[in-house]
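Worksheet: the structure to be examined is printed underneath.
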Amino acid sequence: MDHEGENIFDKIKEVFGKLPGSLNVLEEQIDIELQMEYFKASKRSKEVPVEEIIGRKDELFSEILTPAQKKKLLVQLASVDDVEAFRTIEKFMNKPDKGLREWSILAFQESRMILESSLLDENQVFISTGLGGKGTKLRYFIVLVHHGKTDFDTVQQKLVQSEFDYSLSKHNGELESIIFSGPFAKMLAVVPIQAPLKELFQNAIHEANQIGDFIKENFIVTNVKQLSDKEISDFLDKPQDDSAEFDDDFDDE
């Protein structure tokens with residue numbers, strides 16, 4: 001495990017010097033590349049008078065603008081501290097044009113944070129990952145590998161599920177799903193930002209290995225996306241000291 005990545009809560013405090021006033025986690029699972037495209041567009045967005053932006057808000061629901069132009073208008077609306085802009089984005093997000101749903105979700109999140117920062121007068125931090133989260137919990141994709149590179153048998157499957165259920169619940173986390181595919185146990189779990197990931201997952205593996213020692217100690221964990229069996233195999237075949245992947249995007253509003 002990567003010690004720098006094991007506790008995102010500590011990383012946030014390190015980046016900002018102290019714990020921010022409010023943490024906002026993007027709950028939806030949105031492709032990282034699209035998120036980066038949105039954030040770059042947001043940073044490139046030129047300052048336009050609020051009155052001009054609000055005056056064009058109804059164009060968002062017309063056929064006058066192309067999808068690219070609507071993306072730009074959504075970014076502009078999200079950049080202003082104005083309730084009318086926020087409500088416009090919210091209305092569009094609830095019934096978006098084809099292909100613009102995820103973009104509108106990102107605009108809605110940014111607009112909401114700008115309003116909250118203004119109203120509450122405190123630092124807001126937006127945490128976005130490819131797998132999203134719940135509340136102040138982040139979603140992770142975890143892969144365990146069978147020692148013998150064989151299928152997990154029925155007893156081993158039940159043991160893995162029960163131990164991870166228990167270890168996650170101790171830290172107020174939740175095992176959302178688990179799929180056994182050949183020598184891989186693939187899990188989705190939501191974990192509080194402040195939870196010690198390394199300790200949590202290693203303890204669950206250690207307890208399961210008390211009976212049979214059937215799980216490799218190294219494992220894969222990422223919050224970027226769910227990996228296919230081929231991607232998992234390719235990742236494990238690469239020379240490395242550690243089987244762990246962390247990718248976190250922070251946007252300080």
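For the residue pairs 137/238; 149/198; 95/230; 70/230, alpha carbon separations beyond 27 Å are given by 137/238; 95/230; 70/230.
In terms of other Cβ atoms within 10 Å, 136, 66 run from fewest to most in the order 66, 136. Sorted on the mean count of surrounding Cβ atoms within 10 Å across their residues, most packed first, peptides 175-187, 53-65 read 175-187, 53-65.
Read the figures in this text as sums done on the coordinates, not as results from a lab. Remember, predicted model here, so these are calculated numbers, not experimental data. Note: ideal-geometry Cβ built from the backbone for every residue, glycine included; neighbour counts use all protein chains shown.
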